[in-house]
Structure formats: structure tokens, C-alpha cells
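Structure first, then comments.
The values are calculated or read from the model by the stated rules, or taken from the named source; none is laboratory data. Treat the numbers as computed from the prediction; the structure is a model and nothing was measured. Methodologically, a virtual Cβ is constructed for each residue, glycine included, from the backbone with ideal geometry; neighbour enumeration extends over all protein chains shown. When the accessible area is computed, the model is the full protein with side chains, heavy atoms only, and any ligands, DNA or RNA have been set aside. Shrake-Rupley method; radii C 1.70, N 1.55, O 1.52, S 1.80 Å.
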Amino acid sequence: MRGYVFMLEAVFAGLVLIGFLLYLAQGYARVGTVPEHDFSGILPALDQEGLLRGHVFSGDVQGLQDEITLPGFQHSVQICAPAGACTGQVPDADNVWVSAHFLAGDDSYQPREVNLYVWEA
């Protein structure tokens, strides 16, 4: 008779544990980016193609903007030095996605931060 009581107790404990885990799982929503709104790979892809560093270290913001094509979206690029001096425009729009990419230098250590701002047209 004691074996049945222990077995029944284990079943109830399992049900309580499963119920608690299901209760916790309801509060969490899957967080992620919408694939058509994921712009984080654009600057690294340009860097791998060898197109980013030349524009960044020469300060050619317009040339870098011309390398990026995003149909249905507008974009702007900003290049910042460590001292805080930035070239390029920050958009005055709603729902702006920002992607940042850091470069250590071309021939020597001259760090730069490249920000890509994307918003809907």
C-alpha cells in the first residue's frame, strides 16, 4: 500500500512541476528580428568584399552610401572617430534601425565606427 502512495505522490509532484514550467513559458515571447528588417550584415559584408575600408578611411560618406542599396528603405551612413567627431547625417525619422560596425584601422591603428541608419521610405 505504501508503494501506491509514493507513486501517487510522485505523479502529483510531476504534474505540479510541469504546470509550473508551462506557466513560466507563457510569459516569454520569442524575440528576434524580422528577416527583411535585419540590416546588421550589410556593413560586415561590405568589409569582407573590400569596399568598406577605402571609403571609411578616406572619409567618403557619399561613396559608401552609394555602395548600399536597400529597395523600399532609405539609409544614411555616419563615420565616427574615437574623439567623437562624426561625418554624415543622422536621420530625423521614426522607426530607425541602426547597425554599427567597428574598424581598427587600415595600415595603422586608427579606429572608426561606421553607423548605418535605415528607415522606411
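Kindly sort Ser40, Ser99 by accessible area of their heavy atoms, largest first, with the probe set to 1.4 Å. The partial results should precede the final answer.
Details: Ser40 65, Ser99 10 Å².
These residues rank, largest area first, as Ser40, Ser99.
Return one whole number: the accessible area per residue of the chain in Å², for a 1.4 Å probe.
On the way: 8700 Å² over 121 residues.
Accessible area per residue, the chain: 72 Å².
At 0.36 nm per residue, minus the direct Cα-Cα distance, what do Glu9 and Leu70 gain on full extension? Give it in nm, one decimal, please. List each step's numbers first, then the result.
Values: separation 61, 0.36 × 61 = 21.96 nm, distance 6.06 nm.
Extra length available between Glu9 and Leu70 comes to 15.9 nm.
Could you sort Trp119, Trp97 by accessible area so the largest value comes first, with the probe set to 1.4 Å? Please report the intermediate quantities before stating the final value.
Working: Trp119 40, Trp97 75 Å².
Result, largest first: Trp97, Trp119.
Helix-derived [θ] at 222 nm for the chain: sum -39500 (n - 2.57) over DSSP H runs of at least 4, divide by residue count, nearest 500?
On the way: 4 runs with 46 residues, N = 121.
Taking each H run of at least 4 residues, the total per residue is -11500 deg cm²/dmol.
Percent of accessible area on the chain owned by carbon and sulfur, 1.4 Å probe?
Working: 5030 of 8700 Å².
Within the chain, the accessible surface is 58 percent carbon and sulfur.
Looking at the chain as a GNM with Cα springs under 10 Å, which of Phe102, Phe57, Phe20 has the largest mean-square fluctuation?
Residue with maximal mean-square fluctuation among Phe102, Phe57, Phe20: Phe20.
Go through region 114-121 residue by residue and turn each phi into a ³J(HN,Hα) via Karplus (6.51, -1.76, 1.60, θ = phi - 60°); whole Hz please, and just put x for glycine and proline.
Each residue of region 114-121 in turn: 10, 10, 10, 9, 10, 9, 6, 6 Hz.
Using the Karplus curve 6.51 cos²θ - 1.76 cosθ + 1.60 with θ = phi - 60°, what ³J(HN,Hα) values do you get for each residue of region 20-25, in whole Hz, with x for Gly and Pro?
Values per residue, Gly and Pro as x: 5, 5, 5, 4, 5, 5 Hz.
Identify, among Gly14, Gly54, Val90, the residue whose Cα sits farthest towards the positive end of the charge dipole of the chain, taking +1 on the Cβ of Lys and Arg and -1 on the Cβ of Asp and Glu, with the dipole about the Cα centre.
Gly14
For region 100-116 and region 59-80, what is the separation of their C-alpha centers, rounded to whole Å?
What the calculation gives is 16 Å, centre to centre.
In the Gaussian network model of the chain, springs joining C-alpha atoms below 10 Å, which of Val90, Val98, Val16 carries the largest mean-square fluctuation?
Among Val90, Val98, Val16, the largest GNM mean-square fluctuation belongs to Val16.
Which residue, Gly19, Gly50, Gly59, tops the fluctuation ranking in a GNM of the chain built on C-alpha contacts under 10 Å?
So, out of Gly19, Gly50, Gly59, the one fluctuating most is Gly19.
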